Amino acid sequence: MNANRICLPLVALLAGGCASTVTVPAAPPAFPAGWEGTWRGSLRSAGGSSPMEVEMTLEVRAAEAGNWAWVITYAGPAGTQVRDYRLIARDAARGQYEIDERNGIILPVRWLDGVLLAEFEVQRSRVTVREELRSEESGLLVEMATFAAGAPSTTGGGAVPEVRGWAPVSLQRGTLRRVRR
């Protein structure tokens, strides 16, 4: 292939020949204010005992200073479950929040680069939760990965660091769309 054929389009691109098609990603919406409203969609489950789908609704609304209602509703084959949680800002400037389940359970969560992250262990399972509002059009991505909390596999050691790993058991994933502000 002739090197000039490769270089000419590259020069045109660098000189601004395609400037009208270059888009700059939008900054993530302010958190949690940019997430306020009611979101709805389906979560699909892979792995585990059997694949299934449940409907999920997330309602986020300001409650009192530094506090938001964070109400999750799941509807599926096992019925409907409503989880009336609170999101509490501990140090919003550092992205440090908590989910208060209002039953004695309080989970630390972190807002990092446009993603809300949490990890916890319950009933011999480790759960990693990731939520990201990609855009109003793309919706709110929700992922919950579950791992067996038992003994990890351990490899390495000696000349390389010891690494402990847990095998994934299941993944629930879906996209929620805002249905009300």
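In region 112-133, of all residues being more than 10 Å from the chain's Cα centre (by Cα) and within 19 Å of Gly34 (Cα to Cα), the one that is surrounded by the most Cβ atoms within 10 Å (Cβ to Cβ) corresponds to Leu112. Just need a number here: residues in region 134-162 that are part of a strand (DSSP E or B) and either of a type in the set (Ser, Thr, Tyr) or more than 28 Å from the chain's Cα centre (by Cα) (or both). Looking only at that region, the number is 10.
Go through Ile72, Ile105 for me and flag whichever is buried (at least 16 other Cβ atoms within 10 Å of the Cβ) and either within 27 Å of Glu53 (Cβ to Cβ) or of a type in the set (A, V, I, L, M, F, W, C) (or both).
Being buried (at least 16 other Cβ atoms within 10 Å of the Cβ) and either within 27 Å of Glu53 (Cβ to Cβ) or of a type in the set (A, V, I, L, M, F, W, C) (or both) holds for just one of Ile72, Ile105, which is Ile72.
May I ask you to say which residue of Trp111, Trp68 is in contact (Cβ under 8 Å) with a residue 40 or more places away in the chain, assigned to a strand (DSSP E or B) and not aliphatic (A, V, I, L, M)?
Result: Trp111 is the single residue among Trp111, Trp68 that is in contact (Cβ under 8 Å) with a residue 40 or more places away in the chain, assigned to a strand (DSSP E or B) and not aliphatic (A, V, I, L, M).
Taken as a whole, the condition of being modelled with pLDDT of 95 or more and assigned to a loop (DSSP other than H, G, I, E, B) applies to Gly104. Scanning region 45-68 for residues that are crowded, with 17+ Cβ neighbours inside 10 Å, in contact with a Gly (Cβ under 7 Å, 6 or more places away or on another chain) and closer than 21 Å to Ser170 by Cβ turns up Val54, Met56.
The set of residues in region 131-152 that are of a type outside the set (A, V, I, L, M) and at pLDDT 95 or above comprises Glu131, Glu132, Gly139, Glu143, Thr146, Phe147. Flag set for Gly158, criterion: farther than 23 Å from Val71 by Cβ and small (Gly, Ala, Ser). Tell me, which residue of region 163-181 that is within 15 Å of Trp39 (Cβ to Cβ) and among the charged types (D, E, K, R) is modelled with the lowest pLDDT? Among those residues, the one meeting the criterion is Arg181. With respect to Arg181, determine if the residue is closer than 25 Å to Val54 by Cα and loosely packed, with under 13 Cβ neighbours inside 10 Å. Taking the combined requirement at face value, the residue satisfies it.
The single residue among Ile72, Ile105, Ile99 that is of a type outside the set (Asp, Glu), within 26 Å of Val169 (Cβ to Cβ) and over 18 Å from the mean Cα position of the chain (by Cα) turns out to be Ile105.
The values are calculated or read from the model by the stated rules, or taken from the named source; none is laboratory data. Just so it is clear, the model here is predicted, and its values are computed rather than measured. For neighbour counting, all protein chains shown are included, and Cβ atoms are generated from backbone atoms with ideal geometry for every residue, glycine included.
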